[in-house]
Amino acid sequence: MAERPALDLVVLDFETTGLAPDRGDRAIEVGAVRLRQGQVVDRFQGLMNPGFAVSGFIESFTGISNAMLADAPPCGRVMSDFADFLGDDNLVAHNAAFDRRFLDAELAALGRPYAGDFVCSLLVARRFYQQAPNHKLGTLVHYKGLAHDGVFHRALADAEMTASLWRTMVAEMQQQSGVRSLRFADLKRFSQTPKAKAQAFLGALANA
């Protein structure tokens, strides 16, 4: 997995009932795009019924109402289809620790493992765009002048924007480092590099 290109993977996003799957929170929507050589070649989107009503805050924050969820299939059915969609691709999410917790919890409930590794686009952005006002997805989309439809906090829209940000970061890192094709492993290591050493890391890639 580590040797795969940084632009061949699945970018995903969850909307959820809260922050903690270990306290009973569930996914209510998943969205994802599959990239091949940086191009979107497939998409996945699914609302899912968590089995209980979501709070007014979550309805307002996401735009996903209890009425919408009442007609949605249960989490297990959607997540089983999503596990099939993932295959063995590597994964990217913005604030990936959050999305990974829900992916792990929902797939563990089904006994469905997944093979790919995660990289967090937020951690990469913190190191590469150190002058950005902050590293929220919406802020970075505006900071880089990326096209968007104004929809935030819906899973597929956020996955699409994260994919656009990811492609931009990888392209700029390749240009800066002189490396024609960065690997997933390069971005993983970069995301774990101290911010003060980020530029030195890119310089070392050029000489590797």
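The values are calculated or read from the model by the stated rules, or taken from the named source; none is laboratory data. What you see is a predicted model; the values in this text were computed from it and never measured. Cβ: placed from backbone, ideal geometry, glycine included. Neighbour counts: every protein chain shown. Calculation scope for accessible area: heavy atoms of the full protein, side chains included, ligands and nucleic acids excluded. Shrake-Rupley method; radii C 1.70, N 1.55, O 1.52, S 1.80 Å.
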Relative contact order as a percentage, region 94-201, C-alpha pairs under 8 Å and 6+ apart, gives 31 percent
Taking a probe of 1.4 Å and leaving out DNA, RNA and ligands, the chain shows per residue an accessible area in Å² of 47 Å²
If every Lys and Arg gets +1 and every Asp and Glu gets -1 at its Cβ, then about the Cα centre the chain yields a dipole, in debye to the nearest 20, of 880 debye
Stretched fully, the stretch from Asp22 through Gln39 gains (0.36 nm per residue minus C-alpha distance, one decimal, in nm) 2.6 nm
Ranking Ala83, Ala132, Pro5 by how far each Cα lies towards the positive end of the charge dipole of the chain (+1 on Lys and Arg Cβ, -1 on Asp and Glu Cβ), the top one is Ala132
Checking Asp149, Asp13, Asp81 against a Gaussian network model of the chain (alpha-carbon springs below 10 Å), the top fluctuating residue turns out to be Asp149
Scaled by the rule-of-thumb 2.2 N^0.38 Å, the alpha carbon Rg for the chain gives a ratio of 1.03
With the charge dipole of the chain built from beta-carbon charges (+1 for Lys and Arg, -1 for Asp and Glu) about the Cα centre, the Cα from Gln176, Gly38, Asn66 projecting farthest to the positive end belongs to Gln176
Highest mean packing first, using Cβ neighbours within 10 angstrom, the peptides 4-12, 47-55, 131-139 sort as 4-12, 47-55, 131-139
Checked region 1-41 against the a/c 1.5 cut and the a/b vs b/c comparison, axes a ≥ b ≥ c from its Cα gyration tensor; verdict oblate
Using the Cα gyration tensor of region 73-191, the equivalent ellipsoid's semi-axes, largest first and to the nearest Å, work out to 27, 18, 12
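Would you mind computing the Rg to Rh ratio of region 119-160 from its alpha-carbon coordinates, Kirkwood style for Rh?
0.96
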The chain, Gaussian network, Cα under 10 Å: of Gly31, Gly178, Gly111, the residue fluctuating most is Gly111
